[in-house]
Amino acid sequence: MIITGMYATPGYAGFFFDDQRAIKHGAEHDGFIYDGEPVTDGFDEIRQAGESIIVDVELADGTVVRGDCAAVQYSGAGGRDPLFKAEEYAPIIEGPVADELEGRDATAFLENAELLEEMRVEGDRLHTAIRYGVSQALLAAAAEAENATRTDVLADAFGTEPATEPVPVFGQSGDNRYINTEKMFVKGVPVLPHALINSVEKIGENGETLLEYVEWLTERSQELGPDGYEPRFHIDVYGMIGEIFEAPYDREEVVDYFAALEDAAAPYPIQIEGPMDAGSRPAQIEAMVELREGLKAAGVSVDIVADEWCNTFEDVRAFVDAEAADLVQIKTPDLGGIHRSGQAVRYCEGTDTRAYLGGTCNETDTSARACAHVALATDAAQVLAKPGMGFDEGYMIVENEMRRTIARREREALTTTTDEVTADD
């Protein structure tokens, strides 16, 4: 089946673009938005509407499949590509990208995705969001052409055996860290709540506010969760533990705080994302290794999750090779082509580092569904509920996509087995 057309339509994403530097420098809320001037290149406001590009790929039989270009909430920060503006980038997709991909065999997913990944336009690599969205459409095209699930296309490309149960979904509450988390408890979400601990006010000057919140998580999960519910707590602190304690991170004061978090979460496991922001990848790796060694020596079982300065495939490899984290977040839009996210998950295989297939609240339903197939094909440790910050919608999208895919694969396997038995008779 040949690719015959490619079309780009500007659209919205599931949340907003935020100027992280301006927020960290003290920008204050004015209702939902922020007061003040942006400081990151490309931003017109500190918070502005998230944008996407809807990519339609047409096949020779007239079928049209889709992928969505999207970029993370904190675009332009921490070495990421610049702010993604749909009107600016749509002509690139309908021009040079379409010229390169039209006429190619849709079933050659990995070859097509790698070609896209290496493309240059006027000497520059394509924006990560373009590679992300167009590769989703290429994946959907291959699945359509082969009459297969996207999970199967990816598993064939990676040489993996897909998961037979849904990958644990990680729900994030946003700032509504009590009501949204209670909703997660009622639905029995396996990993939660993120909690958006991004200020001294939210963590407490000595970390006491976060400890109180974790104690609440433990108590409320037992009250609201279904029978047999055993959640895993995952909290993103946006470097704030480093802000209140500072380096070195293997000293007694820091280790004791993590021990207190472990006690507050008991009997459930807890993992802390982005404990510090050391300002560069080498410094971040060094700080996280120092922290992990301190926790290990003290027998503290709190898992550490890499986020800051772990954006690209090369970053993931560096954190895994250094044993700097128990989990690495694979931020799908930042890696470019969706196959790169799958390859990053696979890089964790055989190591002591687990793969968290993450992304951003600022994606779309289309990109979230595509990532659900990556999670299944690679059997990741957990996958983010996305897009948006309302929790319910993103959880429904990702969980249901995995369930319907598993059900379809089971039906097809049963049909194949039945046909083989009939043929033998």
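The values are calculated or read from the model by the stated rules, or taken from the named source; none is laboratory data. Bear in mind the structure is a predicted one, so any value in this text is a computation, not a measurement. Cβ placement follows ideal geometry from the backbone for every residue including glycine, while neighbour counts extend to all protein chains displayed. All accessible areas refer to the heavy atoms of the entire protein, side chains included, with ligands and DNA or RNA removed. Shrake-Rupley method; radii C 1.70, N 1.55, O 1.52, S 1.80 Å.
Observations on the structure shown:
- For the stretch 323-372, the relative contact order is 45 percent, taking Cα pairs closer than 8 Å that sit 6 or more residues apart in sequence and dividing their mean separation by the residue count.
- Annotation: peptides 242-251, 322-331, ranked by per-residue average of other Cβ atoms within 10 Å with the highest first, follow the order 322-331, 242-251.
- Over the chain, relative contact order from alpha-carbon pairs under 8 Å, at least 6 apart, %: 17
- Extending 7 Å from the Cα toward the beta-carbon at both residue 120 and residue 37 defines two label points whose distance is 3.7 nm.
- Heavy-atom accessible surface of the stretch 303-425: percent carbon and sulfur, 1.4 Å: 46
- Beta bridge orientation in the chain: antiparallel %, DSSP, nearest 5: 50
- The string of couplings for the stretch 406-411 from the Karplus curve (6.51, -1.76, 1.60, θ = phi - 60°) is 4, 4, 5, 5, 5, 4 Hz, one whole number per residue in order, with x for Gly and Pro.
- Projecting the Cα atoms of 360, 158, 196 onto the charge dipole of the chain, computed from C-beta unit charges around the Cα centre, puts 158 farthest toward the positive end.
- Protection proxy ranking for 52-65, 272-285, using the average of other Cβ atoms within 10 Å per residue and placing the highest first: 272-285, 52-65.
- Charge dipole (debye, nearest 20) of the stretch 249-331; +1 at Cβ of Lys and Arg, -1 at Cβ of Asp and Glu: 200
- Protection proxy ranking of 352-362, 399-409, by the mean of other Cβ atoms within 10 Å over each peptide's residues and highest first, is 352-362, 399-409.
- Across all C-alpha atoms in the stretch 45-126, the radius of gyration and Dmax reach 14.5, 45 Å.
- Charged side chains reduced to their Cβ positions (Lys and Arg at +1, Asp and Glu at -1) give the chain a dipole of some 400 debye around its Cα centre.
- Excluding same-chain neighbours fewer than eight residues apart, the lysines reachable from residue 202 by a Cα-Cα span under 18 Å are 24.
- Inter-centroid distance (Cα atoms) of the stretch 58-126 relative to the stretch 203-262, Å: 40
- Per residue, the accessible area of the chain comes to 41 Å², computed with a 1.4 Å probe over protein heavy atoms only.
- Between 0 and 90°, nearest 10: helix 338-347 axis offset from the chain longest Cα axis: 60
- Kirkwood radius, the stretch 204-356, all distinct C-alpha pairs, inverse of mean reciprocal distance: 16.0 Å.
- Once all protein chains are placed together, residue 391 keeps about 10 Å² accessible to a 1.4 angstrom probe.
- J(HN,Hα) series, the stretch 361-370, from Karplus relation 6.51 cos²θ - 1.76 cosθ + 1.60, nearest Hz, glycine and proline x: 4, 8, 9, 10, 4, 5, 5, 5, 5, 4
- Answer label for volume of the Cα convex hull per residue in Å³ (calculated), chosen among [x] 344; [y] 125; [z] 146: [z]
- Positive dipole terminus of the chain, leading residue within 415, 248, 3 (C-beta point charges): 415
- Between amide H atoms placed 1.01 Å from N, distances below 5 Å from residue 42 occur with no residue 5 or more places distant or on a separate chain.
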